[in-house]
Amino acid sequence: MTDLTLALDAMGGDHGPRITVPAAVQALRIYPHLKLILVGDENQITPLLSSFNREITARISIQHAPEKVEMGDKPAFALRCRKQSSMRIALDLVKERQADACVSAGNTGALMAMAKVVLKTLTGIDRPALVSCLPTINHKPVYLLDLGANVSCDAETLFQFAVMGSVLCEAVTKKQHPSVALLNVGSEEIKGTGQVQQTAQLLTHTPQINYQGFIEGNEIYYGNVDVIVCDGFVGNITLKTSEGIARLLLHQLKQGLTRGFFIRLLAKMLAPSIQSVLRQMNPDHYNGASLIGLRGIVVKSHGNADEAAFLQAIGLAVTEATRRLPEMIEQRLESILLDINS
């Protein structure tokens, strides 16, 4: 592996440095060729590093940032008024090529707004998309996008999402020609909005994308396709609903353990299997959503991520940086557009 440098927004998220700093040290133990720039308040970061092995922390540098983006900041305000924040400086380091990727657990809207302005979109990409990996019943991950970066999308934008999702899946899983489907209200060709119908036509006539047609919401977790495309409104609701169902099942399981003897016995027998499924559906298990379509790599961690979850986000950034994901997306899109126009 070639040497990589990541910029971590150490102040982002609900827990800030007390989670991001230990996760950073863990990442350095796992990835021997990794270097990290911790961006944030050095007076909070430095004491936390003092308890760790100096041989490890020698690969960490601190970039002081006098401000942080608050979780309640509106994107426009953060963009205009938080130019000295840890989030903004971490993105600037990627733009200036001092870092190969940025990881933040901070305000999602602010991160998307800043990233688009600072890093710009790739040639041929109109809007970046937020994408994450979800578990499936056959243990094959599925990539879902967009998860909320773009509430409303036209057919061309959805087509671009399909290309980006396909390239991301290929880069991370190394699977050739990953399958792509459009999330729709039915599998029949006549179903769906005008945008979805038009996107289907574009993908049908794009042989470089392994398009499989429409997929319904109840099929998301089957694992029959590798990439599922939708607009951010649908994607965000889908993701949040799934997380809610996982918490409901966990709540029901706990209640079962407090009821009558036979129900308690049954709940205890089923508990290991159910808890295994719930762990997979837990956001921390697949933590790390990629903001793709930019001239740089940005990974968004859950705001309430613990150390293990933030470490997952760092690992995703390492994978994408190693595979040079933005260049892969731009090259693939250029190739597709040449075929379309020829």
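Just checking, does region 100-113 include any residue being farther than 30 Å from Phe233 by Cβ and either buried (at least 18 other Cβ atoms within 10 Å of the Cβ) or touching a helix residue (DSSP H, G or I) at 6+ places or on another chain (Cβ under 9 Å) (or both)? Yes: one or more hits. Based on what the data block shows, is Gln255 open to solvent by less than 70 Å² (accessible area, probe 1.4 Å), modelled with pLDDT under 90 and part of a helix (DSSP H, G or I)? It is true that Gln255 is open to solvent by less than 70 Å² (accessible area, probe 1.4 Å), modelled with pLDDT under 90 and part of a helix (DSSP H, G or I).
With the structure loaded, tell me whether Val117 is open to solvent by less than 30 Å² (accessible area, probe 1.4 Å), in a helix (DSSP H, G or I) and not charged (D, E, K, R) or whether it fails that test. No. Take the residues of region 169-192 that are modelled with pLDDT of 90 or more and surrounded by fewer than 16 Cβ atoms within 10 Å (Cβ to Cβ): which is farthest from Glu327 (Cα to Cα)? Looking at residues that are modelled with pLDDT of 90 or more and surrounded by fewer than 16 Cβ atoms within 10 Å (Cβ to Cβ), I get Val185. Here is a check on your reading of the model: is Arg97 part of a helix (DSSP H, G or I) and either surrounded by fewer than 19 Cβ atoms within 10 Å (Cβ to Cβ) or among the hydrophobic types (A, V, I, L, M, F, W, C) (or both)? Answer is no for this residue. Does region 142-179 hold any residues that are of a type in the set (Ser, Thr, Tyr) and part of a helix (DSSP H, G or I), and which are they? Selection gives Thr157, Ser166, Thr173. Any residue at all in region 318-330 that is among the charged types (D, E, K, R) and either free of Cβ contacts under 8 Å to residues at least 24 places away in the same chain or touching a Cys at 6+ places or on another chain (Cβ under 7 Å) (or both)? Checked region 318-330: at least one residue is among the charged types (D, E, K, R) and either free of Cβ contacts under 8 Å to residues at least 24 places away in the same chain or touching a Cys at 6+ places or on another chain (Cβ under 7 Å) (or both). Applying the criterion of being out of contact with any helix residue (DSSP H, G or I) (no Cβ under 8 Å at 6 or more places or on another chain) and modelled with pLDDT under 90 to the residues of region 133-168, the residue that is surrounded by the fewest Cβ atoms within 10 Å (Cβ to Cβ) is His139.
Checking region 74-92 against the condition returns a match, with at least one residue being closer than 15 Å to Ala24 by Cβ and either open to solvent by 10 Å² or more (accessible area, probe 1.4 Å) or in contact (Cβ under 8 Å) with a residue 24 or more places away in the chain (or both).
The values are calculated or read from the model by the stated rules, or taken from the named source; none is laboratory data. Bear in mind that the values here come from a model prediction, so they are computed numbers and not experimental data. FYI the Cβ positions are ideal-geometry reconstructions off the backbone, even for glycines, and counts take in every protein chain you see. In case anyone asks, the SASA skips ligands and DNA or RNA and just uses the protein heavy atoms, side chains included. Shrake-Rupley method; radii C 1.70, N 1.55, O 1.52, S 1.80 Å.
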